[in-house]
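What follows is a short report on a single structure.
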Amino acid sequence: MTKGLLLFHPAGIGDCVLDISNLYQLSHIRSNDFKLYYVCNINAKPIIECTDVEKHTKVIYLDYPNRFSFRDLKKMYYVLSKVDTVIISAGMNLKKISYFTILIPRKIKLYGAIADLPLPRIKEIVPPAKSFSFTAGPLGKHRVITNYYLFERINLLNNKFIVKGINKEKLKKIPKNKIFLKLNFDYIVIHMGLVNNKSINKTLNLRTWIKLIENLSKNFNMKIIIIGSKHELHNIKIVITKLIKSEQILDFVGKTSLYESMHLILNSRLVIASDGAISHISASLGKDLICFFGPVNYKDVCPIDTKGYIISKVLECSPCYETKNYYSCPFNRSCSNIDETHIIIDCIKELFAGNKLISKNKFGYSINVIPTKNQLKSHLPKI
């Protein structure tokens, strides 16, 4: 019996949202000595605090997940002294994995779940380290499923498939700005995802965002709230300057904490976002969602278990995330853009009408229904 287990994934906020289901799956392990630990990014703390994860899991937050500080190293050595098994969650950058393995004592069993890469390719990228054992999930399946394949391999599965997310009641209890009390109208939340070059490569261009927001205001009689962090202010300024004259558009960029952004999402009619944390938070809160994917394989990391569509351009070279083509794209990131915004409007009308959603291809775009819990369950290994 495992005495202590660490799920290691100090990546993005969206990655943390997906890990919640896996943490609940692991929490069924019960023995007097067993402890479950989770290492994640400090920026994901608001997510964890709006779940019940800490009832069964000791959460360790890293301040600098991209490069361990002395303080982070102390945290890591502490948690490694408490466990005999480490699982690197699916979705971790492979180069970071090889860096992290340096810290692992030989006595600890180390496992890695890798999504969407064949095993020979994994072995080429990551050098062998101690007793590191990889499990590659079925190609083209979601990373939550890839983790389950690893859990099965090391006998950690039970017979109950769990998809868990943010606890709405916990979120409602967190104090919020008084301005939220005045939002007694229907509204659509938009998050453009223009934080840095990495996220800009995964979202629509500014011209398309402007065109889309203009079309939204013409087609739907509801407010449009634009959210984003203070790091996005510079990039979004062009959009805001052009659109803010309209009383239908409300600018909340840089004006809300992550908790407050979650409140806005919770009370919205619809969320429109690119591949990233906000799309995963929206799905976790059960909100209708339109999500855009470009260079990243949506089958691996899309939002799950809510009503909505994932829209991406059909190109032979996509997905290409973290390959040579991604860093020097010969097509000017055309996979991250949707010129025909009427496609998005049509998808929203379907959602608002309550119609049964059907995956389809239109005008060179792939429009896929967000996978439900039951659809994910069909990809699970036999328990």
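Among the candidates S318, S312, the residue that is outside any loop (DSSP other than H, G, I, E, B) and in the same structural domain as S229 (by TED's automatic domain parsing) is uniquely S312. Here P120 clears all of (1) at pLDDT 65 or above; (2) at negative phi except the condition numbered (1).
For (1) closer than 22 Å to K211 by Cα; (2) assigned by TED's automatic domain parsing to the domain that holds Y187; (3) touching a residue at least 60 places away in the same chain (Cβ under 8 Å), each residue gets a yes or a no:
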residue	(1), (2), (3)
V296	no, yes, yes
T306	no, yes, yes
S328	no, yes, no
E340	yes, yes, no
C347	yes, yes, no
E350	yes, yes, no
S366	yes, yes, no
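In the range 249-266, the qualifying residues are those that are of a type in the set (S, T, N, Q) and surrounded by 18 or more Cβ atoms within 10 Å (Cβ to Cβ), and the one that is nearest to S229 (Cα to Cα) is T256. Residues in the range 328-355 that are more than 25 Å from the chain's Cα centre (by Cα), loosely packed, with under 11 Cβ neighbours inside 10 Å and assigned to a loop (DSSP other than H, G, I, E, B): P330, G354, N355. Within the range 217-237, residues that are on the phi > 0 side of the Ramachandran plot have Cβ atoms under 6 Å from residues that are small (G, A, S) and in a loop (DSSP other than H, G, I, E, B) in no pair, counting only partners at least 6 apart in sequence or on another chain. Among all positions in the range 84-98, there is no residue which is of a type in the set (D, E, K, R), modelled with pLDDT of 95 or more and surrounded by 13 or more Cβ atoms within 10 Å (Cβ to Cβ). With the requirement that a residue be crowded, with 21+ Cβ neighbours inside 10 Å and under 12 Å from the mean Cα position of the chain (by Cα), what does the range 13-47 give you? Correct list: G14, D15, C16, V17, L18, D19, I20, A44, I47. Among the numbered conditions (1) modelled with pLDDT of 90 or more; (2) crowded, with 22+ Cβ neighbours inside 10 Å, the only one that K75 does not meet is (2).
Being exposed (fewer than 13 other Cβ atoms within 10 Å of the Cβ), at pLDDT below 95 and either touching a Pro at 6+ places or on another chain (Cβ under 9 Å) or not assigned by TED's automatic domain parsing to the domain that holds G14 (or both) is a description that applies to N66. Of the residues making up the range 216-239, those that are surrounded by fewer than 17 Cβ atoms within 10 Å (Cβ to Cβ) and more than 17 Å from V271 (Cβ to Cβ) are K218, N221, K230, H231, L233, H234, K237, I238.
Among the residues of the range 265-319, those that are under 11 Å from the mean Cα position of the chain (by Cα) and among the β-branched types (V, I, T) comprise I278, I281, V301, I304. Taking the conditions exactly as written (crowded, with 24+ Cβ neighbours inside 10 Å, touching a Phe, Trp or Tyr at 6+ places or on another chain (Cβ under 7 Å), aliphatic (A, V, I, L, M) and under 30 Å from I145 (Cα atoms)), does V314 satisfy them or not? Against the criterion (crowded, with 24+ Cβ neighbours inside 10 Å, touching a Phe, Trp or Tyr at 6+ places or on another chain (Cβ under 7 Å), aliphatic (A, V, I, L, M) and under 30 Å from I145 (Cα atoms)), V314 does not qualify. All conditions but one from (1) surrounded by fewer than 19 Cβ atoms within 10 Å (Cβ to Cβ); (2) under 17 Å from P10 (Cα atoms); (3) modelled with pLDDT under 80 apply to I114; the one that does not is (1). The set of residues in the range 212-259 that are touching a Ser or Thr at 6+ places or on another chain (Cβ under 7 Å) and farther than 19 Å from I290 by Cβ comprises S246, G254. When R333 is tested against the conditions (1) among the basic types (K, R); (2) farther than 21 Å from R207 by Cα; (3) at pLDDT below 90, the lone failure is (2).
The values are calculated or read from the model by the stated rules, or taken from the named source; none is laboratory data. Remember, predicted model here, so these are calculated numbers, not experimental data. Here Cβ is always computed from backbone atoms with ideal geometry, including for glycine, and neighbour counts include all displayed protein chains.
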